[in-house]
Structure formats: C-alpha cells, structure tokens
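Note sheet for the following structure.
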Amino acid sequence: DRLERLAAEIDRDATVVALTGAGISAPSGVPTFRGEDGVWEHFDEGQFTYGRFRSDPEGFWADRVALQRELFGEEYEPNAAHEALAAMGRDGYLDAVLTQNTDGLHRDAADVADRADVADRADRADRAAEDGNRGDDPGAGDDTPAGTGQTPILELHGNARRVRCTDCGRRRDGDPIFDRAADGDLPPTCDCGGIYKPDVVLFGEQLPGAVVQRARTLTRDSDVFLAIGSSLVVEPAASFPREAGATGATVGIVNLESTPVDGAADVVYRDDVTEALPRLRSLLERGADG
Ligand code: OAD
C-alpha cells in the first residue's frame, strides 16, 4: 500500500525530515486549530496578533490565558506517533523534526526514547537551564544539544511552556507566569520591568530567522520529506513540502483531511497519526531485518 511505498524510500542512508502540525498532538488531547472543533472556532484568531500584544498587552494576556487553558489545560503526554518518530530518530531513520507545535511533546518523546542514556539527559537538562538564562538568542527554537546524537527538533513557532521578557530577553518556565496572569496580574512583568510574552511566534510576528534558515536547508537537503498532521495552510511551513519536492525529495503527507499540497505529494496517506507512524516504523524495522 501507500505507506509501504513510503517506507521503501526510507533507509539509514536517506536524509529524512519530518514536518509536524497540531494533528500529531490531537491524540494526546491537545486540540487542533482547524478542522472539526478546532480552536479557531471558539477563539478569534485576530485577538492573538503581535500588533495587539504591543498595543494592548493587558487584553492580549487576558485572552491568552483562556487560550492557553483551552490548548494545554489538561495534562498531556506524547502519544504513539511522537514515540514512533523519536524511535525512528534513535534508529537512524529520521534526521530532523520540524514542528509547528508549541507543546514540547517531541522533546518529551525524545527524552522517553533516550531514557537509558542518563548522561545525555543530564546534558540536555543543563543546556535547558542555560537556555532559560540566556539573553538575546534568536536561535532559541533550535536548542537541540549538539553532539549528543539526538535528532534535532526545530520548534518553528516557539514553545508555549515558556515565556520571554520583551526587554531583557530572559526566558522562564511559563507555568508560574500564566498562573500569575490568571490571578489578574496583567500583563505579567519580569524583574527588570519588561513585559513577558509567551515564547511563541504570534500572528504578524517574524519567525526566528536562524531556525527557519536551518529548517529550509534541511528541507532542501532531504531525500524524503514527511508532512504529518498539518493542514499545511500557514507559511512558511506550508511551503516546505513543495520546496522539498522541487529539490528532488520524495514527499509524503500523513493527515486525516486533505491539504492544499496533496496534489504535489508523491504519497498521500489518510490515517490517524497514531496508526500510521507506528506502522511506518515497524515497516522500516522489518525492512532492516529482511
Ligand atoms: P491545523 O489545526 O491547521 O491542522 C491540523 C491537521 O491535523 C488537520 O488537517 C487535521 O485533519 C489533522 N489531524 C487532526 N487529528 C489528526 C490525527 N489524529 N491524525 C492525523 N491527522 C490529524 O494545525 P497546523 O497545521 O499545525 O500557528 O496549524 C499551523 C499553525 O496554525 C499552528 O502552528 C498555529 C496555527 O494558527 C501559530 O500559533 C503561529
């Protein structure tokens, strides 16, 4: 079938890049933005722009607290799809994850997959702490530790578990700051007096340049490009599958619904990610055995 065709293109020598969207986290209980019962049916997208954050930070934060609760209010964990990608990375079948998601679940899954490697985890924790105290670093969505053998995870839209001071650039764990905002401390401010912003890319805001640059390079260098659980309508990520195809990659799309890019893909596989990705992984393992 189609997934077998895709699996046949993937081996350890191929450069394989995955781009993920909200659909991969839906089975973890994080709602999607579009599609059935998407978040943008309950919330007005226009209230979460960078322009509004600048002109009305208090109102922005009040609405963002509600959105944050809707998106991440329930406890959530990586699902079988995140785990399958993490395992593919560990086994040498996946070279990078580019994600539009801000939920941090790919990182969590990579930790789970690497559980045995204690030193590696400690190193990551150190670097995460360091990252929390770093100043102005546009590459913060690209803080995958180098030299640990871990599959790079590029968070194109940032990480909603963190906040960042718009003056001094400090990053902080988001939970206590969101709690403060929920208690009426609006907008929440840093010790330096600057206003915190959720450490995500808002509509109308530039994506972190270094991360996008690296994502583009990975996309163009890929032999196989997989778009997973994304409606593929938000730029620049929406263009990545076409760019990969134009530079010779085999493009596969795994999604429940059709996307505007389906016509340009080599393989379109319409299935739940928690079915498709574990199956893809086991096809690869079988291929390696046989
Ligand atoms: P969307 O919500 O636009 O699309 C999610 C896609 O996942 C839909 O096409 C669903 O059909 C599909 N889907 C849902 N559950 C699935 C499942 N279990 N298995 C397979 N597919 C499933 O999410 P994104 O494409 O990620 O931007 O949205 C892109 C950006 O738009 C987001 O990063 C966010 C949003 O506005 C910012 O916050 C800047």
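The values are calculated or read from the model by the stated rules, or taken from the named source; none is laboratory data. What you see is a predicted model, and the numbers here were worked out from it, not measured in a lab. Note that each Cβ is placed from the backbone with ideal geometry, even for glycine, and that neighbours are counted across all protein chains shown. With ligands, DNA and RNA removed, areas are computed over all heavy atoms of the protein, side chains included. Shrake-Rupley method; radii C 1.70, N 1.55, O 1.52, S 1.80 Å.
Points to keep in mind about this one:
- Enumeration of residues in the stretch 188-210 that are in contact (Cβ under 8 Å) with a residue 40 or more places away in the chain and either away from the ligand (no atom under 16 Å from the Cβ) or of a type outside the set (A, V, I, L, M) (or both): Pro188, Ile195, Lys197, Pro198, Asp199, Phe203, Gly204, Glu205, Pro208, Gly209, Ala210
- Of all the numbered requirements in (1) under 23 Å from Gly158 (Cβ atoms); (2) within 13 Å of the ligand (Cβ to nearest atom); (3) at pLDDT 95 or above, Asp262 misses one, and that requirement is (1).
- Set Phe72, Phe60, Phe33, Phe53: member being modelled with pLDDT under 95 and surrounded by 15 or more Cβ atoms within 10 Å (Cβ to Cβ): Phe72
- Residue list for the stretch 239-253, restricted to those being under 24 Å from Asp1 (Cβ atoms) and either open to solvent by less than 30 Å² (accessible area, probe 1.4 Å) or within 12 Å of the ligand (Cβ to nearest atom) (or both): Pro241, Ala244, Ala249, Thr250, Val251, Gly252, Ile253
- Total residues in the stretch 137-152, condition open to solvent by less than 10 Å² (accessible area, probe 1.4 Å) and modelled with pLDDT of 90 or more: 0
- Looking only at the stretch 1-30, and only at residues there that are within 22 Å of the chain's Cα centre (by Cα) and open to solvent by 30 Å² or more (accessible area, probe 1.4 Å), the one that is nearest to Thr219 (Cα to Cα): Thr15
- Residue tally, condition away from the ligand (no atom under 16 Å from the Cβ), out of contact with any Leu (no Cβ under 7 Å at 6 or more places or on another chain) and in a loop (DSSP other than H, G, I, E, B), over the stretch 4-39: 5
- Residue count, the stretch 259-277 (criterion: over 21 Å from the mean Cα position of the chain (by Cα), open to solvent by less than 20 Å² (accessible area, probe 1.4 Å) and more than 21 Å from Tyr93 (Cα to Cα)): 0
- Meets criteria (within 12 Å of the ligand (Cβ to nearest atom) and either closer than 18 Å to His106 by Cβ or not charged (D, E, K, R) (or both)) for Leu218: no
- Hits in the stretch 271-290 - residues which are of a type outside the set (Lys, Arg) and away from the ligand (no atom under 16 Å from the Cβ): Ser282, Leu283, Leu284, Glu285, Gly287, Ala288, Asp289, Gly290
- Residue-level check: of (1) more than 10 Å from the ligand (Cβ to nearest atom); (2) open to solvent by less than 30 Å² (accessible area, probe 1.4 Å), Asp44 misses just (2).
- Among residues of the stretch 170-223, those that are open to solvent by less than 40 Å² (accessible area, probe 1.4 Å) and over 30 Å from Asp95 (Cα atoms), counted: 9
- Among the residues listed as Leu226, Leu256, the single one being touching a residue at least 12 places away in the same chain (Cβ under 8 Å) and surrounded by fewer than 19 Cβ atoms within 10 Å (Cβ to Cβ): Leu256
Per-residue answers, yes or no, for (1) modelled with pLDDT under 95; (2) of a type outside the set (Ser, Thr, Tyr); (3) farther than 22 Å from Glu83 by Cβ; (4) in contact with a His (Cβ under 6 Å, 6 or more places away or on another chain):
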position: Ser230; (1), (2), (3), (4): no, no, no, no
position: Val233; (1), (2), (3), (4): no, yes, yes, no
position: Pro241; (1), (2), (3), (4): no, yes, yes, no
position: Arg270; (1), (2), (3), (4): no, yes, no, no
position: Leu283; (1), (2), (3), (4): no, yes, no, no
position: Arg286; (1), (2), (3), (4): yes, yes, no, no
position: Gly290; (1), (2), (3), (4): yes, yes, yes, no
